[in-house]
Amino acid sequence: MSKLVESIKEAIKRSGLRDGMTVSFHHHLRNGDFVLNMVMEEIAALGLRDIKINASSLFDVHIPLIDHIKNGVVTGISTDYMGAGLGRAISEGVLAQPVKFYTHGGRPYSIAEGREKIDVAFIAAPTADNKGNCSGKYGKSACGSLGYAFADATYATSVVVVTDNLVPYPLEDVSISEDHVDYVVE
């Protein structure tokens, strides 16, 4: 059965995301990763508030988070790394509570141990099929293994794969299998 949905907005609605929940993102696409921004725009448009973000890294491309913090959409952040632009605003007090910083391996460990609960994981995948098998090795946005998102895919209550390269089922040589994915957005 296909897990393909029409839009990020539809995936958010189907995931059951509500006020006060935690969403996660990974940084495989580094500063080219606009998935976090697209998802957060839809979350804000849906009127959701008090969202916590657990992101492996936040880069300057994610500066739009500042407005979401100011508007009460985002009220907490856990991450391994934060770029200077967003970091400066956080240091100036835009976020009411401290950011939780983890080591590179500490973030996935905290998810696996249940100390960081992920309600909905959004995984940017350079290639995926309509059932959620995905890989970072192929496609115009290829970045290598998606291994750093394993904890997100394994322990999140709901998992959404966002891809710019939908291929016929079954994708071979997968990084994350369809068993861990609830929705796919092209």
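Brief remarks on what is shown
- ³J(HN,Hα) computed for each position of segment 175-186 - Karplus, 6.51 cos²θ - 1.76 cosθ + 1.60, integer Hz, glycine/proline x: 8, 10, 8, 4, 4, 9, 10, 9, 9, 10, 10, 8
- Whole-Hz couplings from phi, Karplus 6.51/-1.76/1.60, listed for segment 48-61; x for Gly and Pro: 6, 9, 6, 8, 9, 10, 10, 10, 4, 7, 10, 10, 4, 4
- Share antiparallel - DSSP beta bridges, the chain, percent rounded to 5: 10
- Mean-position separation - Cα centroids, segment 1-74 and segment 113-186, in angstrom: 15
- Size of charge dipole - segment 1-95 - debye, nearest 20, with Cβ of Lys, Arg +1 and Asp, Glu -1, no other charges: 220
- Cα long-axis angle, helix 35-45 against the chain (0 to 90 degrees, to the nearest 10): 70
- Exposure ranking of Leu86, Leu166 by accessible area [1.4 Å probe, largest first]: Leu166, Leu86
- For Val162, distant residues with modelled amide H under 5 Å away: Ile123, Ala124, Ala125, Val185
- Near Asn54, the amide H atoms lying under 5 Å from its own belong to Val23, Ser24, Phe25, Ser78; only residues 5 or more places off or on other chains count, and H is placed 1.01 Å from N.
- Cross-link reach list, lysines versus Lys70, counting only Cα pairs under 19 Å and skipping chain neighbours closer than eight places: Lys52, Lys100
- Applied to segment 19-31, the Karplus parametrisation 6.51 cos²θ - 1.76 cosθ + 1.60 on θ = phi - 60° returns per-residue 3J(HN,Hα) values of 3, x, 8, 10, 10, 10, 8, 10, 10, 4, 8, 6, 5 Hz, with x for Gly and Pro.
- Residue ranges 22-28, 58-64 sort as 22-28, 58-64 when ordered by packing (mean number of other C-beta atoms within 10 Å per residue, highest first).
- Take every Cα pair under 8 Å whose residues are at least 6 apart in sequence, average their separation, divide by the length of the chain, and the relative contact order is 24 percent.
- Relative contact order (percent, whole number), segment 1-52, Cα cutoff 8 Å, 6+ residue spacing: 54
The values are calculated or read from the model by the stated rules, or taken from the named source; none is laboratory data. Quick caveat, the model's predicted, so the values are computed rather than measured. Counting neighbours? That spans all protein chains shown, and the Cβs are built from the backbone with ideal geometry, glycine included. What goes into the accessible areas is simple: the full protein's heavy atoms, side chains included, and nothing from ligands, DNA or RNA. Shrake-Rupley method; radii C 1.70, N 1.55, O 1.52, S 1.80 Å.
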